[in-house]
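Q: So that we are looking at the same thing, I have put the structure below in C-alpha cells.
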Amino acid sequence: MAIGRFQASLPPALDSTSNPPSIFDGTTRLYISYTCPFAQRVWITRNCKQGLQEEIKLVPIDLQDRPAWYKEKVYPANKVPSLEHNNEVRGESLDLIKYIDSHFEGPTLFPDDATKREFAEELLSYTDIFNKTVFPSLKGDLDNEAGAAFDHIEKALSKFDDGPFFLGQLSLVDIAYAPFIERFHPFLLEVKNYDITAGRPKLAAWIEEMNNIEAYNQTRRDPQELLESYKKRFLAKV
C-alpha cells in the first residue's frame, strides 16, 4: 500500500498567509485538516461515494496556523470539518457523513435493512463514548475500561456474518471508527505494549479489510508520522 502515492497530489494546507477561496460561488468545498480524525471521516465518505472528488473540492486548513478568514467568513466555530454546499456551511463530522451520503450521488453507505439501521445508529452514538474511554489511556495508565471499549468493538463486529465490516458491508459506521483506530492501534502497541487486535480476531480482520479500501487509503497518514504526533501530544508531560 503506497500511502504517499495518494498524498503527493493533495493540495497544500492553507495558513494565516493564504487568501480565502471565493466563498459561496457555487463550489462545494470540504474544509479539513490532514491530521484531524474527525475531518478524515468526512473525507473518506466523500471518496467512497465515487465521482465526488471533482464535485466536492478539498480545502485543507493548517490548524496550527489557521487563517483568520476561516472563522470570519466560513465557519464561526473555527474547527474542521465543515462543508460549504448550497450557500450554507455545515459542521460536525457525524452529521456531515450522513449529509454527504444522502445529498450526493454514489453508492449508499447506510443500509436499508431496519435492523442494521438501528444498530448503525447505536454504533454511531457510541463513537464519542469509545473515544472518551480510550483517549485517557494514551496519556496515563491503560485501564480496564479501555480494554472493555475494544471488546465492545469486537462484539459489534460479530453481530452480522455477511461481511467483515460492522454492518457486513462497508458503511458510515466503519468510516466513523477508522480514523481513530488508525491512531490508537500503533500508539498503544509501541508505547503501552498493548495490541488491540490480540484476542480480537474480528477487529484484526476489520483493520486488514479497511486497509484494502482505496478511498480510505487516500486519507491515511504515515503510521510513523501519526505515532510521533501522538507521542508529542500525550507523552509531553510524562
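Q: With a bin width of 10 angstrom, please list the P(r) values of the range 162-238 as percents of all Cα-Cα pairs, from the 0 bin to the one holding the largest distance.
A: P(r) for the range 162-238, in whole percents per bin: 17, 48, 28, 6, 0.
Q: Rounded, prolate or oblate, given the Cα gyration tensor of the range 26-165, with a/c below 1.5 counting as rounded?
A: Values: a/c = 2.57, a/b = 1.29, b/c = 1.98.
Cα axes put the range 26-165 in the oblate bin.
Q: Send over the per residue convex hull volume for the range 74-131, Cα only, as a whole number of Å³. Let's see the in-between values first.
A: Values: hull volume 5.6 nm³, N = 58.
Per residue, the Cα convex hull of the range 74-131 comes to 97 Å³.
Q: A further question follows. How many angstrom lie between the C-alpha centres of the range 56-72 and the range 159-181?
A: 30 Å
Q: Sorting W43, W69 on the 10 Å Cβ count, fewest up front, what's the list?
A: W69, W43
Q: So, one more: Given 0.36 nm per residue, what is the gain on full extension from Q169 to K57 after removing their alpha carbon distance, in nm? Write out the running numbers ahead of the final one.
A: Values: separation 112, 0.36 × 112 = 40.32 nm, distance 2.69 nm.
Full extension of this stretch gives 37.6 nm more.
Q: Scattering from the C-alpha atoms of the chain alone, worked out with Debye: what is log10 I(q)/I(0) at q = 0.10, 0.14 1/Å?
A: -0.48, -0.96
Q: Still on this structure, please answer the following. Would you please state which residues of the range 31-73 a label at I23 would reach in this model, taking the label point 7 Å out along Cα→Cβ and a backbone N cut-off of under 16 Å?
A: 31-32, 59-62, 66-73
Q: Any idea which of S93, L188, A114 is furthest toward the positive side of the dipole for the chain, if Lys and Arg beta-carbons carry +1 and Asp and Glu beta-carbons -1?
A: Of the candidates, L188 comes out farthest on the positive side.
Q: At a Förster distance of 41 Å, what's the computed FRET efficiency of N211 paired with N87, Cβ-Cβ distance as r, to 0.05? Intermediate values should be presented prior to the final figure.
A: Working: r = 38 Å, r/R0 = 0.92.
About 0.60, to the nearest 0.05.
Q: Between H103 and K231, how many nm apart are label points set 7 Å from Cα along the C-beta direction?
A: With each label placed 7 Å out from Cα toward Cβ, I get 4.1 nm.
Q: Still on this structure, I have one more. Fewest to most neighbouring Cβ within 10 Å: what's the order for C48, C36? Please report the intermediate quantities before stating the final value.
A: Numbers: C48 24, C36 19.
Neighbour counts put them in this order, fewest first: C36, C48.
Q: Among K139, K79, which comes first, then next, by fewest other beta-carbon atoms within 10 Å? Walk me through the numbers on the way to the answer.
A: Details: K139 13, K79 20.
With the sparsest Cβ surroundings first, the list reads K139, K79.
Q: Pull up the cross-link candidates among the lysines for K49, meaning alpha carbon to alpha carbon under 22 Å and not fewer than 8 places away within one chain.
A: Qualifying lysines at Cα under 22 Å: K57, K98, K116.
Q: Continuing with this model, one more query. What nm distance separates the two modelled labels at K155 and A68, each placed 7 Å from Cα along Cα→Cβ?
A: 5.2 nm
A short reminder: the numbers here are calculations on the coordinates, not readings from a lab. This one's a predicted model, so the numbers in the text were calculated from it and none came from an experiment. A quick note on method: Cβ atoms are made from the backbone with ideal geometry, for glycine too, and the neighbour counts reach across all protein chains shown.
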